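Below is one structure, written out as structure tokens; comments come after it.
Every number in this text was worked out from the coordinates using simple rules, so none of it is lab data. Everything numeric here is computed off the predicted structure, so don't read it as measured data. Counting neighbours? That spans all protein chains shown, and the Cβs are built from the backbone with ideal geometry, glycine included.
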């Protein structure tokens, strides 16, 4: 089902504040588990949303939803009317060996699109135990590692997938016992100097906690060089991360954690990614996150809230993101049907409105791609 939601009757924003205008449904079909969206705005105003779509196996008799599926494909939908209506999603990538996950779009200065993803291969029951202990596994699935896609025509066609390099700190291997190509879910960044920065997740041991490292590309994502360690801890795991560059040139990594009571962590580089300061606790729960620069240089940080009441939340940070521990929390949605929701990503509709996309469910129903439109409170 494609459609929109109704506007909310709320007071207008004071200067510098934001308000929720309306919730919209971008895509929902009870036959599918649709999740993990990302969004970009083209220079002509067209909005593109990519997400992962797989069969909802509960329709096939399964007792529970799952995030791994051999028929998990990457799909793309478009809006040419500022996010009011959307095209029927079209598959733009299907991995030959398994199910693809979490398409993360980045639009470059020349309008080339990059998409980062990764994939899991289904194995016959009981066979993952036959694989080498260093192969990354999850139940009856073996990891295929990360990959990148490129489009030079606004997402209408995509080149062949190509793999970013493995890094020395990664101990795990892929299904074919090859070095595990780099991966992560979260926003890459093209910096002011034109280079692309990408925080990846890796593990120094097959069964160890994950840590975050920075890769940098000077040729629009074709080749990558190792830059630095972002965050490491003996207990806390770091993984899904979105990166943001401040007007002052700092790189700020907003990191999902594990073994940390669901709290978000943050790390900052003041030297162009050559090193990061020690990671810090933001003091609040929520993950994963996405950061968007508003027209007045404030930063909209959105994140999923997988605790009761389930939903989507946000904070407005100052231009340098130095007030993350004190910025007030804003509730965008608190009517979710459980922990299986979130992963918000945002884009400017125009100078005064933002669209935040995410996956959502109510009453444990279908997982669809929904959106919240915000007014930014930016002075005309």
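Overview of results
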item	result
Cβ crowding within 10 Å averaged over residues, with 92-101, 220-229 ranked highest first	92-101, 220-229
Fewest-first ranking of 349, 369, using other Cβ atoms within 10 Å as the exposure measure	349, 369
For the range 264-303, fraction of C-alpha pairs farther apart than 13 Å, in %	64 percent
Measure of compaction for the range 41-186 (Cα Rg per 2.2 N^0.38 Å)	1.15
Packing-based exposure ordering (other Cβ within 10 Å, fewest first) of 157, 269, 346, 85	157, 85, 269, 346
Rounded Å value of the spacing that divides the Cα centres of the range 338-359 and the range 88-127	20 Å
Along principal axes, Cα extents of the chain, largest first, whole Å	61, 50, 42
Residue order, fewest to most surrounding Cβ atoms within 10 angstrom, among 123, 264, 255	123, 264, 255
Separation between Cα centres of the range 279-313 and the range 186-225, rounded to whole Å	21 Å
Burial ranking of peptide ranges 43-53, 204-214 (average Cβ count within 10 Å, highest at the top)	43-53, 204-214
